[in-house]
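The values are calculated or read from the model by the stated rules, or taken from the named source; none is laboratory data. Remember, it's a predicted structure, so these values are computed and weren't measured experimentally. Reconstructed Cβ throughout: ideal geometry from the backbone, glycine too, with neighbour counts over all protein chains shown. Heads up: the accessible areas ignore ligands, DNA and RNA and are worked out on the full protein's heavy atoms, side chains in. Shrake-Rupley method; radii C 1.70, N 1.55, O 1.52, S 1.80 Å.
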Amino acid sequence: MKVNEDYLKLPGSYLFSTIAKKVAAYREAHPDADIIRLGIGDVTRPLPPAVIAALHKAVDEQAVAETFRGYAPDLGYAFLREAMAEHDFQARGCEIAADEIFISDGAKSDSANIQEIFGRDCRIAVCDPVYPVYVDSNVMAGRTGDYDAATGIWSRVIYMPCTAENGFVPELPEEKPDLIYLCYPNNPTGGAITKDQLQRFVDYANETGAVIIYDAAYEAYIREGEGIPHSVYECDGARTCAIELRSFSKNAGFTGLRLGATVIPHDLKTRSGDREVELHSLWARRHGTKYNGAPYIVQRAGEACYSEAGKAEIRELIGGYMRNAGLIRKGLEEAGYEVYGGVHSPYVWLKTPDRLTSWEFFDRLLEQVQVVGTPGSGFGPHGEHYFRLTAFGSYENSVRAIERIRSL
Ligand code: PLP
């Protein structure tokens, strides 16, 4: 027996395990320390009442023979796909039909699995810093070449630096990729992309034959009226070059329930020899073979997010997190930090003071004021000298953490 050697190429999950070890060591040395965590990427507030009501109702349906449901349809229930098509896309002028939406258990698995439908020699381009799943899933598939531990760089990956200098929106890549992963509003930088900037990527992809994989997990955090698109399909020509990933985790708090979707328009096609291939049909085949669907009760909960009550409750939920983001941002700015993000995103991204490395700043915050954040360098080489704080904690802890950081 041989294992998949590509898995052995993966560097260990250095970032979060190192954070956990450092915090545990500190706690052991200081058992009474009151540590505040502003590093968490998980939501903390309960599910909206409209979602809870829909869950209860769907559970009761499962107790009665007439309304019991077993396997869900491969691609998801029509009631949810239709609600998404209408509210997430058509209401924003995007031409997306219900049968172009594939319901799933979240954007993490979809963002990791989508690479399967592309050739093994495809080259990927990613933002640097980046949500690690895009790269690691391609490592497992043998697509990324060799890893240089000193630089943290894979030889076959095209990196698109995102820094304060370019407003955290990359230039078009110089080398031509086959797949371009974009995530806006961005994790970890908190940056947003304007429609004009995204249109440049869409035009580039259509000109070069590349496919954009657009992760819209944080679209609900976008502040209206500033030209920030909620979907890649707001751009002209995106139907022929873009796949979009959607999640119910960060808008409606489904991180534990699990629900997401992938959108693949029928116009997204490529050629294989003299055959024309729709990527939609490949993903449908993959879904049908490897996946048995998100639970009925969870899809009903997802549907409830689009009711009038659900929409209002989600706005309030996000408003609460964004209140934290605004407070963290303002407090840091007043303390003299260079601060980014936190406007269209629950992530605040700051430049470390005194040219400290990301890890040196992590140690300083933990040891001097007992606040835990996430070192930017853990998301890629261009994250060095940056640091991520999140708005997902409680209001009280956000206030206390910022007071402490200001006292430094
Ligand atoms: N995409 C990005 C950029 C994320 O930051 C996360 C979660 O942190 C996900 C996807 C995962 O979403 P889900 O909970 O739907 O799997």
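Structure data summary
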| read-out | value |
| --- | --- |
| Per-residue [θ]222 nm for the chain (sum of -39500 (n - 2.57) over DSSP H runs n ≥ 4, rounded to 500) | -10500 deg cm²/dmol |
| Most mobile of G273, G331, G310 in a GNM of the chain (Cα contacts under 10 Å) | G273 |
| Protection proxy ranking, peptides 260-272, 234-246, average beta carbon neighbours within 10 Å, highest first | 234-246, 260-272 |
| Of K290, K311, K330, the one that fluctuates the most in a GNM where the chain has Cα springs shorter than 10 Å | K290 |
| Convex hull volume per residue in cubic angstrom - Cα atoms of the chain | 173 |
| Heavy-atom surface of the range 36-186, accessible at 1.4 Å and reported per residue (Å²) | 44 |
| Volume in Å³ per residue [convex hull over Cα atoms, computed for the range 301-350] | 63 |
| Protein accessible area in the chain, 1.4 Å probe - carbon and sulfur % | 51 |
| Average projection area in nm² (convex hull over Cα atoms of the range 23-99, one quarter of hull surface) | 10.1 |
| Stokes-Einstein D in µm²/s, Kirkwood radius over Cα pairs - the range 181-238 at 10 °C with 1.306 mPa s viscosity | 137 |
| Inverse of mean 1/r across different Cα pairs in the range 72-127, Kirkwood, Å | 13.2 |
| Charge dipole of the range 52-307 about the Cα centre (unit charges at C-beta), most positive-ward option of L245, L259, I180 | L259 |
| Beta bridge orientation in the range 52-307: antiparallel %, DSSP, nearest 5 | 50 |
| Contact order relative to length of the range 52-307, as percent, for alpha carbon pairs under 8 angstrom and 6 or more apart | 26 |
| Shape metrics for the range 260-379, restricted to C-alpha atoms - Rg then Dmax, Å | 22.3, 65 |
| Volume of the Cα convex hull of the range 163-260, divided per residue and given in Å³ | 104 |
| Segment D121-R27, length gained on full extension (0.36 nm per residue, minus Cα span) | 29.2 nm |
